[in-house]
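A.B. asks: Sending over a structure as structure tokens; questions will come in a sec.
The values are calculated or read from the model by the stated rules, or taken from the named source; none is laboratory data. Just so we're clear, the structure is a prediction, and the values are computed from it rather than from any experiment. Surface areas here come from the heavy atoms of the whole protein model, side chains and all, with no ligands, DNA or RNA. Shrake-Rupley method; radii C 1.70, N 1.55, O 1.52, S 1.80 Å.
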Amino acid sequence: MDTPDTPENVTGAPAEDTGIAAQDWAQASADPQYRAAVVDLLGALAYGELAAFERLAEDAKLAPTLDDKAALAKMAAAEFQHFQRLRDRLEAVDAPPTAAMEPFAAGVDEFHRQTAPSDWLEGLVKAYVGDSIASDFYREVAVRLDSDTRALVLGVLDDTGHASFAVEKVRAAIEADPRVGGRLALWARRLMGEALSQAQRVVADRDALSTMLVGGVAAGFDLAEVGRMFSRITEAHTKRMAALGLAA
């Protein structure tokens, strides 16, 4: 559970409309373009969750105590359960999970390669800041989804406990050595830029997803709203930085 200082779902996403968001999967999937957009979305999410599992398991090796190692292992297990739910959903709608994930694997892997943490604290900030930006982006998209898909997406975006864990550990480290704060603030700003670029590439590289966002599949979501969406994500990032005790 998040602490009061850990903003969650704070992007101020627009309210659901009366179009696809008011339909269930059986109704909405009759549109082949919408179906393709959802398969892309679930594929991107599924690979993201699988990568998160791998990263948390790797970060556990950097943990300074056995308790910290166990905490990260528990979070990694939760991420893998999220991956399994998405994989099962893809199979249920006759979309091979591997094929759905493959278009996003290289981009996600490159993001993680470029933002590999150098120590335990950088790993915590990356998981908190980077993953939260991605979650905010997918929550924004979720308001334009059918009710069944929206419920699944919001369910797998639930915090695994990493948010409050990261805030506690990072705040304690800064209190012990204030110089740590400057380094981690620079690191978090770099993560912000890389994560937003990654989100934009996910949309731009997939026609069905980009059409959903700019108004083809989901009427009423225009280019100006896309700009406002990224502004809301940026504002949420600023609040999370404050929760960590870092300057945005």
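A.B. asks: What are the equivalent ellipsoid semi-axes of the chain, built from the alpha-carbon gyration tensor (square roots of five times its eigenvalues), in whole angstrom, biggest first?
C.D. replies: Working: eigenvalues 196, 77, 46 Å².
So the three semi-axes of the chain are 31, 20, 15 Å.
A.B. asks: OK, next. Can you tell me how the stretch 151-196 classifies by the Cα gyration tensor, rounded, prolate or oblate, using a/c under 1.5 as the rounded cut? If you can, show how the numbers build up before the last one.
C.D. replies: Numbers: a/c = 6.81, a/b = 1.61, b/c = 4.23.
It comes out oblate by the Cα gyration axes.
A.B. asks: Would you calculate a helix-derived [θ] at 222 nm for the chain, using -39,500 (n - 2.57) for each DSSP H run of n ≥ 4 and dividing by the full residue count, to the nearest 500? Walk me through the intermediate numbers first.
C.D. replies: Working: 11 runs with 176 residues, N = 248.
Per the formula, -23500 deg cm²/dmol.
A.B. asks: For the chain, calculate the relative contact order in percent as a whole number, restricting contacts to Cα pairs under 8 Å that are 6 or more residues apart. Walk me through the intermediate numbers first.
C.D. replies: Working: 284 pairs, mean separation 78.8, N = 248.
The normalised contact order for the chain reaches 32 percent.
A.B. asks: Please work out how much accessible surface Arg113 shows to a 1.4 Å probe, ignoring ligands, DNA and RNA, in Å² rounded to 10.
C.D. replies: So the heavy atoms of Arg113 present about 150 Å² to solvent.
A.B. asks: Run the 1.4 Å probe and let me know the accessible area of Glu110, rounded to the nearest 10 Å².
C.D. replies: Glu110 has an accessible surface of roughly 70 Å² with all protein chains in place.
A.B. asks: Starting from the residue with the highest accessible area, list Leu86, Leu62 in decreasing order, probe 1.4 Å. Before the final figure, lay out the partial values.
C.D. replies: Values: Leu86 0, Leu62 85 Å².
Ranked from most to least accessible, the order is Leu62, Leu86.
A.B. asks: Then there is this: Counting pairwise Cα distances across the stretch 15-109, what percent come out greater than 20 angstrom? Could the numbers behind the result be given before it?
C.D. replies: Working: 2170 of 4465 pairs.
Roughly 49 percent, rounded to a whole number.
A.B. asks: Determine the shape class of the stretch 58-128: with a ≥ b ≥ c the square roots of the Cα gyration tensor eigenvalues, call it rounded for a/c under 1.5, and otherwise prolate if a/b is greater than b/c, oblate otherwise.
C.D. replies: Numbers: a/c = 4.08, a/b = 1.66, b/c = 2.45.
It is oblate, given that a/c is not under 1.5 and a/b is not larger than b/c.
A.B. asks: What relative contact order, as a whole-number percentage, does the stretch 58-134 give when Cα pairs under 8 Å and 6 or more residues apart are counted? Before the final figure, lay out the partial values.
C.D. replies: Working: 23 pairs, mean separation 21.8, N = 77.
Computed over the stretch 58-134, the figure is 28 percent.
A.B. asks: Relative contact order (percent) for the stretch 39-99, with alpha-carbon contacts under 8 angstrom and 6 or more residues of separation? Please list the in-between numbers first.
C.D. replies: Numbers: 51 pairs, mean separation 26.0, N = 61.
43 percent.
A.B. asks: So what is the accessible area of the stretch 99-189 per residue, in Å², with the probe set to 1.4 Å? Mind dumping the intermediate values first?
C.D. replies: Details: 3430 Å² over 91 residues.
Result: 38 Å² of accessible area for each residue.
A.B. asks: Short version: ³J(HN,Hα) in whole Hz for each residue of the stretch 123-130, in order, from phi by Karplus 6.51 cos²θ - 1.76 cosθ + 1.60 (θ = phi - 60°), x for Gly and Pro, what are they?
C.D. replies: Here the 3J(HN,Hα) series is x, 5, 5, 4, 5, 6, 6, x Hz.
A.B. asks: Would the stretch 131-173 count as rounded, prolate or oblate if I go by the C-alpha gyration tensor, calling it rounded below 1.5 in a/c and otherwise prolate when a/b exceeds b/c, oblate otherwise?
C.D. replies: Numbers: a/c = 5.89, a/b = 2.74, b/c = 2.15.
Prolate, since a/c reaches 1.5 and a/b exceeds b/c.
A.B. asks: On to the next question. Where the centre of each part is set by its Cα atoms, how far does the stretch 78-153 sit from the stretch 18-53, in angstrom?
C.D. replies: Each part reduced to its Cα centre gives a spacing of 13 Å.
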